[in-house]
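Notes for the one structure printed next.
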Amino acid sequence: MPAQTSKVSLPVIKRLPKYYRYLNNLAADGRDKISSSELARMMGTTASQVRQDFNCFGGFGQQGIGYKVDVLLAEISKLLFGSGNLLPTILIGAGRLGTAVSSFISRNTNGYRLLAVFDINPALIGQEMAGVKIHALDELEAFCAVHKPVVAVLCVPRQSAIEVSDELVRLGIQGFWNFSHYDLSVKYPDVTVENVHLGDSLMSLGYRLRERSEQNGPEL
């Protein structure tokens, strides 16, 4: 039986989607089996790390034989998506970022079901985004009482996230996909939070490019 994910370290959990993505590509290419060494090269890690990761969940391969791609993909799918029930989700913020994120949630099979979008702009209320209705923010409590979402996606500025997060937690939200640049995990340690800082990633890219340029050639 796979181990409980609560006992598994966060870095291992964060590698699971990458394993899932690479295994999907292998399955699409018609691959039947793969060794830990080959999978490690694709992942940019070591065979030992791959085996350690999978051993956290009981192990999925046989020594000297490797892993069956379809079996490994199915097992990681169970870990990531459970029984297949989609997590009921709402999105706060119908601006440009909210539009892009809602489209991504709706188009990709990531284990979430977008129920509604909320915004304070009267011009947007009643319109649709990614196939769901945009509601006024003051409808949030009544909507949550009926539909009971467990995930909230925050595509609003920092101050707006501060103002709405207390209410969302009170209304039963158990997890946040947070684009607001406000670290919700500090205030709500018992709520599962995935903070997404696009600017951090972009700045990291710039640093790495400049560092490489300084080592290997003219400055960018």
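The values are calculated or read from the model by the stated rules, or taken from the named source; none is laboratory data. Only a predicted model underlies this, so the values are computations on that prediction, with no experimental measurement involved. All Cβ positions, glycine included, derive from the backbone under ideal geometry; neighbour counts span all protein chains shown. All accessible areas refer to the heavy atoms of the entire protein, side chains included, with ligands and DNA or RNA removed. Shrake-Rupley method; radii C 1.70, N 1.55, O 1.52, S 1.80 Å.
Mean silhouette area of the range 129-181, derived from the convex hull of its C-alpha atoms and averaged over all directions, reads 3.8 nm².
Using every pair of distinct Cα positions in the chain, the Kirkwood expression returns a hydrodynamic radius of 19.9 angstrom. With all projection directions averaged, the alpha carbon convex hull of the range 157-212 covers 4.3 nm². Binning the alpha carbon pair distances of the range 80-129 at 5 angstrom intervals from zero yields the distribution 5, 20, 30, 21, 12, 8, 4, 1, expressed in whole percent. Other residues within the sphere of radius under 14 Å centred on the Cβ of Val151, judged by their own Cβ, net out at +1 (K and R +1, D and E -1). Electrostatic bookkeeping for Asn121 treats Lys and Arg as +1 and Asp and Glu as -1; over the other residues with beta carbon under 15 Å from its beta carbon, the sum is -2. Working from Cα pairs under 8 Å separated by at least six residues, relative contact order for the chain is 13 percent.
The charge dipole of the range 93-220, taken about the Cα centre with unit charges on the Cβ atoms of Lys, Arg (+1) and Asp, Glu (-1), comes to about 380 debye, rounded to the nearest 20.
Only the Cβ atoms of Lys and Arg (+1) and of Asp and Glu (-1) were treated as charged; on that basis the dipole of the chain about its Cα centre amounts to roughly 760 debye. Rounded to the nearest 20, the size of the Cβ-charge dipole of the range 43-108 about its Cα centre is 160 debye, with Lys and Arg at +1 and Asp and Glu at -1. Between Glu128 and Lys148, what is the FRET efficiency for a Förster distance of 25 Å, r being their Cβ-Cβ separation, to the nearest 0.05? Efficiency, from the Cβ-Cβ distance: 0.70.
Each principal axis of the Cα cloud of the range 9-132 was evaluated for its coordinate range; sorted largest first, these ranges are 63, 31, 26 Å. Once the dipole of the chain is set up with Lys and Arg at +1 and Asp and Glu at -1 on Cβ about the Cα centre, which of Ser83, Val186, Gln49 lies farthest towards its positive end? Checked the options; the winner is Gln49. Shown for the range 181-220 is the translational diffusion coefficient from the Stokes-Einstein equation, using the Kirkwood radius over Cα pairs, a temperature of 10 °C and a viscosity of 1.306 mPa s: 128 µm²/s. With a Förster radius of 22 Å applied to the beta-carbon distance between Arg41 and Leu10, the computed FRET efficiency rounds to 0.35. When only alpha carbons of the range 102-220 are considered, Rg and Dmax amount to 18.1, 61 Å.
When the accessible area of the chain is split by element with a 1.4 Å probe, what percent falls to carbon and sulfur? Walk me through the intermediate numbers first.
Working: 6930 of 13320 Å².
Exposed carbon and sulfur together represent 52 percent of the surface.
Among residues other than Tyr22 with Cβ under 11 Å from its Cβ, the summed charge is +3 (Lys and Arg +1, Asp and Glu -1).
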